[in-house]
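Worksheet for the structure shown next.
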Amino acid sequence: MAIRPLQFYRLLADNNIEFFTGVPDSLLKQLCLCIDDNVPNDRHVIAANEGNAIALATGYHLGTNEMALVYMQNSGLGNAINPLLSLADPEVYSIPMVILIGWRGEPGVKDEPQHIKQGKVQLELLESLKLKYDIISPDETAWRPKVENGIKFAKSNNCPYVFLIKKGTFDKYDSVLKSEIDASMTREETLEILLKYIPQDAVIVSTTGKTSREIFEIRARNNEPHFKDFLTVGSMGHCSSIALGIAIAQPQRKVVCIDGDGAFLMHLGALANVGKIQPTNFYHILMNNFVHESVGGQKTAIDSIDVTGVVKSLKYKNIKSINTVVDLSNSLNEYFNSDGPNFIEIQLKPGSRPDLGRPTIKPVDNKLNLIKFLKK
Ligand SMILES: Cc1ncc(C[n+]2csc(CCOP(=O)(O)OP(=O)(O)O)c2C)c(N)n1
C-alpha cells in the first residue's frame, strides 16, 4: 500500500528533520505538497537546481547541527554530484543529510526515452558514488524502520543517506494551500499563438516538460511538420544554451528559445554568455507560470525577482513582459523583426490538459530531422 505523505512527514519531523529543500519530481509531488502545507515558507526551499539543494542542506546543518531533507528526481542527480562528492562527502566536510530520489526510468517500468538510461544506471551510480542507500516501493510495509535506520545512519556517520523512491510510493495528498497566481492565458493557447508568429525559417528550442509536449501536439493538430523544433525532453535548464549554440553556428537563422521559469532559474548563469556574445538572431521567450507545472505545480522563486530587470542587466534588448492575448499578438511581429538578443516574459496561469500526449518521434530522429532542416 502506498505511504500516506503526512505519516512520512511526521516521521521525519519526529526525528528532528525540519528543513526541506529540493527540486520537484512527479514521483515525490504528493510529499512535496504535504511539506508545503506543514512547514513555514523559510523551512521549505524549492532550490534552483539539485546541487544548490545539497549546499543549502549543508548550510542548514552548519547553522543548526541538525539534518535537512533534500529531494530530487534522479535526472537531477548529475547536478548534485559535485557538492555530494566535494562538499558533503565523508572524505571532505562529512555532512549528514537525508536525500529522497524519485526513480524515473526504473528497469521494467514504462517511461519516457529521456529517463531510460538514467533509470538503468541508477544503482551503479549510487554505488560508484559510495552513497549509502535503500529503496522504498509502494508495497513497502516496513518503511518506518527503514527510514529511521537511514536517518540514524546519516546522523551517526555524518554522511548523506539516500532513499530511492519507486513510482507510486506516495499516496495522494489533498493540499489545503491554494494557488495565488492571477493570470489569464494558458501555456497551450499561448504556444498556439506563438507558433503562428515565429518566422517560417526559424528553429525552435523548447524546454523540458509540458511546453515541449504541447508544441508537439499543436504541430500535429495543425498538420505541421516537427523538424523545426528541438524538444529538449531531458537536460532541464539547458535549452537556452542549446539555442545559443545553434545561434552561434548559424548567425543568419533566427533561433527561438521557449523556456520555463523553473528551467530559466536552474542555470541562470548561462545567460551571461547571451549578454556577452550578443547574438542578433537569438529570441528568448519565457513561459512564466510561476511554478514547476510539469511535475506538480510547486512554486519557483521567480515571483521574488524582477525578471525584466534581470535580463536587462544580462544585456538583452527589446525586453517585454506580457500577460494578455491582445498584447502578445500585437507585439510578436515587431519582436521577431528586431535584432536580438531579445526577450519576452509571458505571464501565464498554471495548468494543462489531463489528456496531453507525449512526442511520438524518438529523440534521435528529432535530431536527425532538425539537422537536415538546418543544412538548408
Ligand atoms: C535536472 C532536472 N531536475 C528536475 C527535473 C524534473 N522536471 C521536469 S520538468 C520540471 C518542471 C519544469 O518547470 P518549468 O521550467 O517552470 O516549466 P513548467 O513545467 O512550469 O512548464 C521538472 C522539475 C528534470 N527533468 N531535470
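Within the range 1-38, the residues that satisfy the criterion of being closer than 23 Å to His61 by Cβ, among the charged types (D, E, K, R) and in contact (Cβ under 8 Å) with a residue 60 or more places away in the chain are Asp25, Asp36. With respect to the conditions (1) of a type in the set (A, V, I, L, M); (2) more than 19 Å from the chain's Cα centre (by Cα); (3) more than 21 Å from Ile3 (Cα to Cα), Ile151 lacks only one, and its number is (3). Against the numbered list (1) in contact with a Lys or Arg (Cβ under 8 Å, 6 or more places away or on another chain); (2) more than 21 Å from Asn369 (Cα to Cα); (3) part of a loop (DSSP other than H, G, I, E, B), Tyr283 comes up short only at (3).
Applying a threshold of 6 Å to beta carbon distances and a minimum spacing of six or more residues, or different chains, the list of pairs starting in the range 290-314 at a residue that is at pLDDT below 95 and part of a loop (DSSP other than H, G, I, E, B) and ending at one that is open to solvent by less than 30 Å² (accessible area, probe 1.4 Å) and within 16 Å of the ligand (Cβ to nearest atom) reads Gly296/Pro24; Gly297/Val291. When residues in the range 252-270 are screened for being without any contact (Cβ under 8 Å) to a residue 60 or more places away in the chain, closer than 15 Å to Pro199 by Cα and open to solvent by 10 Å² or more (accessible area, probe 1.4 Å), 1 of them pass.
Of the residues that sit in the range 271-302 and are open to solvent by 40 Å² or more (accessible area, probe 1.4 Å) and more than 12 Å from the ligand (Cβ to nearest atom), which one is nearest to Ile193 (Cα to Cα)?
Filtering first and then ranking leaves Thr280.
In this structure, Ser331 does not qualify as of a type in the set (Ser, Thr, Tyr) and open to solvent by 30 Å² or more (accessible area, probe 1.4 Å). Kindly provide the set of residues from the range 334-376 that are open to solvent by less than 20 Å² (accessible area, probe 1.4 Å) and hydroxyl-bearing (Ser, Thr, Tyr), ordered by number. Result: Tyr335, single match. One residue alone among Lys120, Lys110, Lys178 is in contact (Cβ under 8 Å) with a residue 12 or more places away in the chain and not aliphatic (A, V, I, L, M), and that residue is Lys120. Filtering the range 12-43 to residues that are more than 11 Å from the ligand (Cβ to nearest atom), of a type in the set (Val, Ile, Thr) and either within 18 Å of Asn79 (Cα to Cα) or in contact with a helix residue (DSSP H, G or I) (Cβ under 8 Å, 6 or more places away or on another chain) (or both) leaves Ile17, Thr21, Ile35. A residue that is open to solvent by 50 Å² or more (accessible area, probe 1.4 Å), part of a loop (DSSP other than H, G, I, E, B), free of Cβ contacts under 8 Å to residues at least 12 places away in the same chain and not basic (Lys, Arg) occurs somewhere in the range 156-175.
Annotation for the range 44-52: no member residue is free of Cβ contacts under 8 Å to residues at least 24 places away in the same chain, within 16 Å of the ligand (Cβ to nearest atom) and either over 27 Å from Gly269 (Cα atoms) or open to solvent by less than 20 Å² (accessible area, probe 1.4 Å) (or both).
Considering only the range 321-359, state which residues are touching a Phe, Trp or Tyr at 6+ places or on another chain (Cβ under 8 Å) and more than 23 Å from Ser184 (Cα to Cα). Passing the criteria: Phe336, Gly340, Pro341, Asn342, Gly357, Arg358, Pro359. None of Pro90, Pro96, Pro83 is farther than 19 Å from Lys29 by Cβ, within 16 Å of the ligand (Cβ to nearest atom) and either surrounded by fewer than 24 Cβ atoms within 10 Å (Cβ to Cβ) or at pLDDT 95 or above (or both) except Pro83. Consider Thr308 carefully, then state whether it is open to solvent by 40 Å² or more (accessible area, probe 1.4 Å) and either within 16 Å of the ligand (Cβ to nearest atom) or under 22 Å from Ile204 (Cβ atoms) (or both). The answer is no for Thr308.
The values are calculated or read from the model by the stated rules, or taken from the named source; none is laboratory data. On a predicted model such as this, the values are computed, not experimentally measured, just so you know. Positions of Cβ are backbone-derived with ideal geometry, glycine not excepted, and every protein chain shown enters the neighbour counts. The area values use the complete protein model at the heavy-atom level, side chains included, leaving out ligands, DNA and RNA. Shrake-Rupley method; radii C 1.70, N 1.55, O 1.52, S 1.80 Å.
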